[in-house]
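The values are calculated or read from the model by the stated rules, or taken from the named source; none is laboratory data. If you're wondering where the values come from, they're calculated on a predicted model, not measured in any experiment. Cβ sites come from the backbone with ideal geometry, for glycine too, and all protein chains shown count toward neighbours. Only protein heavy atoms, including side chains, enter the accessible area calculation; ligands, DNA and RNA are left aside. Shrake-Rupley method; radii C 1.70, N 1.55, O 1.52, S 1.80 Å.
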Amino acid sequence: MRELPGGSGPGAPRDRAVAEVREETGLALDAGRLRYHGSRQLVATLSAHHAELFPAELTEAELEAARRAAQAGPHGVPGTGEGTHVEVTTLGAVRAASTVDWSMLGMLLDVVG
């Protein structure tokens, strides 16, 4: 399964987004850099779950750190069983390989479109 960093927990949505990116990728982003793209229901026929979308443009240094993280192995909170692997790719490659579900692809396209 491939998906964008995400999760739930206490605090404001933007602060949760920063915390999830750090937990799942190792990248420390300033909350002020995240742009709010709204909240939408995911898989409406199966769940009432909503996702809030907060993209951020990475610097060259952050992109290089993400590439290193991709080689370093899993991220996550020790002892929780959660292990995430960073993957740096292009939107074209994601679309061609069908590696994400429709909701994830929709979020990616909303950000770049």
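Scanning region 1-28 for residues being in a loop (DSSP other than H, G, I, E, B) and over 28 Å from Ser98 (Cα atoms) gives a total of 5. Taken residue by residue, region 68-77 has no member that is basic (Lys, Arg), touching a residue at least 12 places away in the same chain (Cβ under 8 Å) and either within 22 Å of Leu29 (Cβ to Cβ) or touching a strand residue (DSSP E or B) at 6+ places or on another chain (Cβ under 9 Å) (or both). The single condition from (1) of a type in the set (Gly, Ala, Ser); (2) under 13 Å from Pro5 (Cα atoms); (3) not in a loop (DSSP other than H, G, I, E, B) that Ala65 fails is (2).
Considering region 64-82 alone, what residues qualify as being open to solvent by 50 Å² or more (accessible area, probe 1.4 Å) and not acidic (Asp, Glu)? Passing the criteria: Arg67, Arg68, Gln71, Ala72, Pro74, Val77, Pro78, Gly79, Thr80, Gly81. Identify the residue in region 49-62 that is open to solvent by 80 Å² or more (accessible area, probe 1.4 Å) and closer than 20 Å to Gly6 by Cβ and, among all such residues, is modelled with the highest pLDDT. The qualifying residue modelled with the highest pLDDT is Glu57.
Within region 36-48, the set of residues being within 16 Å of Val18 (Cβ to Cβ) and either modelled with pLDDT under 95 or in a helix (DSSP H, G or I) (or both) comprises just one member, His37. Looking only at region 69-93, which residues are within 19 Å of Arg22 (Cα to Cα), within 17 Å of the chain's Cα centre (by Cα) and not in a loop (DSSP other than H, G, I, E, B)? Ala69, Ala70, His75, Thr84 - these are the residues of region 69-93 that are within 19 Å of Arg22 (Cα to Cα), within 17 Å of the chain's Cα centre (by Cα) and not in a loop (DSSP other than H, G, I, E, B).
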